[in-house]
1. Within the set Lys228/Lys273; Lys310/Lys389; Lys273/Lys402; Lys182/Lys336, which residue pairs have Cα atoms separated by over 19 Å?
2. Could you pull out every residue, at least 5 positions away or on a different chain, whose amide H is within less than 5 Å of the one on Ile167? Hs are placed 1.01 Å off N in the peptide plane, and Pro or chain starts have none.
3. Order of 42-50, 321-329 by packing, highest average Cβ count within 10 Å first?
4. Which residues does the label zone of Asp97 cover in the range 401-418, counting backbone N under 14 Å from a point 7 Å along Cα→Cβ?
5. From the alpha carbon gyration tensor of the range 1-53, can you work out the equivalent ellipsoid semi-axes (sqrt of 5 times each eigenvalue) and give them in Å, largest to smallest?
6. Normalise the Cα radius of gyration of the range 2-88 by 2.2 N^0.38 Å (N = residues in it) and let me know the number.
7. Projected onto the charge dipole of the chain (+1 at Lys/Arg Cβ, -1 at Asp/Glu Cβ, origin at the Cα centre), which of Pro306, His397, Ala20 gives the Cα projection farthest towards the positive end?
8. List the aspartates and glutamates whose Cα lies under 19 Å from the Cα of Lys41, skipping any in the same chain that are fewer than 8 positions away.
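Please treat every number below as a calculation from the coordinates, not as lab data. From a predicted model like this one, the values you see are computed outputs, not experimental measurements. Cβ: placed from backbone, ideal geometry, glycine included. Neighbour counts: every protein chain shown.
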Amino acid sequence: METLQLVIQILAIVSGCLAAVISILLFVRLRWPSPVLWFIKLYASALSPLLALIGVFSTIVGTATYSSFISLVGSYVVLVYFIHIVRVTRPPDVSGDFEQAFGPDWENRIKPGQKNYFLPGRTVLRLPVVPKPRCEQNIPFSTIPGTNRQLLCDVWQPPENVSPSGIAFIYLHGSAWYFLDKDLGTRPLFGHLAAQGHVIMDVAYRLAPETDMMGMINDVKQAIVWIKENAGTYGVNPNRIVVGGGSAGGHLALMAAFTANNPQFLPKELEGKDVSVCAVISLYGPTDLEAMYYHTNQHLTTRETPGRPKKAVPTQMPEWMKQRMGAAYYRLGFDKGFVNAGAFAPLMGGHPDECPETYTLFSPVTHVHSDCPPTLLIHGEHDIMSPVKTTRILYTHLVEAKVPTVLHILPQTDHAFDLQLPNISPSAHNALYDVERFITLIAASNGVNTSLQNGKL
């Protein structure tokens, strides 16, 4: 019995102390490059309910064994993770919430039948089970002119027993404009939205160095035209196309949505086509590329400074991780290495002081105007990649242009928070709560032009 008690005490001490040490990262704004700490922080947030339970376990063990130290560690762990869960599951600030964007009666515009499979609240233990969606993978949606290069997408459709909403949500994966691929960590999101009647088009757009930033934006517009032209096949209203994505995908979504009527961003093969969308969603997408350049320390990692060597960045994935990933290592583009991942100088043709007009041209904040579609901006306050300050600036410009916009800044939350263990992550649930209501609100608009008119949709 004494041996068993000692084992339990050791387990309580080790697990409690580990949870306590990891919790420190929740209070720290990391700066790139610090990939290991970033990943640990993401998982600390995603696993916060489990880590809080570890605190409960340590507290009980400490109390039962009269160990003040174990009880103190356990109480700290419970408190810090409970506070974290409360903070990351709060609604947006009043100044940027749905009521401010769409009016006090916005919830009444969503019919009861459209709320099927909604999250019951911002704080849930895990995502609810939903009917299995139908999925077609690797569908060609465009061929690059003058080549045989086909662009592919996956189309997720509502289950057979779910009525279509008429919405098509074009999703653009995060990539640092350089690697990764469609169908990466997004199936819980797609299944949840498909259960609400939405069609999801998961797009694999071209990446650097195969193409440049303009080419990526053009790929998004090709996707918009394709889903509109195939709307009848998928039960979609061509006037209800929402585009969105995370990180670089969020940036490209904003650029495509805000430049629908800008001929500079329209490829010749799409002249005369409708590339407009009725709404756009950005999950921590960069909104000012020059600001991101300095936020991610690229002035230190991508160029020499007199008297100071370049700051080291990861260049390759560890061999053990490469072997564990198998074929996915090549599918996701990790074989290209990490040196140019997210690096603007090779992508933009120079550093901000060398070609400032290019950074300005490809920054969504540059293209705000009164006809921008309704916009949902979700961002982590501690984002290591995309500066949250510029998302706030974009929100201010959109509001000044009278574009209905929801801004949700999640405290103690970092880049790509929604992709880590989304079934149990409190911050991922909170983001999904906003996304599902925003899309369904757009679906309830009867397919009309959703630009702000007289302050309302």
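1. On the way: Lys228/Lys273 10 Å; Lys310/Lys389 26 Å; Lys273/Lys402 26 Å; Lys182/Lys336 17 Å.
Among Lys228/Lys273; Lys310/Lys389; Lys273/Lys402; Lys182/Lys336, the Cα-Cα distance tops 19 Å for Lys310/Lys389; Lys273/Lys402.
2. Val199, Asn237
3. Details: 42-50: 21.1, 321-329: 11.6.
Top to bottom by mean Cβ count within 10 Å: 42-50, 321-329.
4. Flagged as within label range: 406-409.
5. Numbers: eigenvalues 173, 22, 12 Å².
The answer is 29, 10, 8 Å, longest axis first.
6. Working: Rg = 13.9 Å, N = 87, 2.2 N^0.38 = 12.0 Å.
With N residues counted in the range 2-88, Rg over 2.2 N^0.38 Å equals 1.16.
7. The one lying farthest along the dipole's positive direction is Ala20.
8. Hits, sequence-local ones excluded: Glu381, Asp383, Asp414, Asp418.
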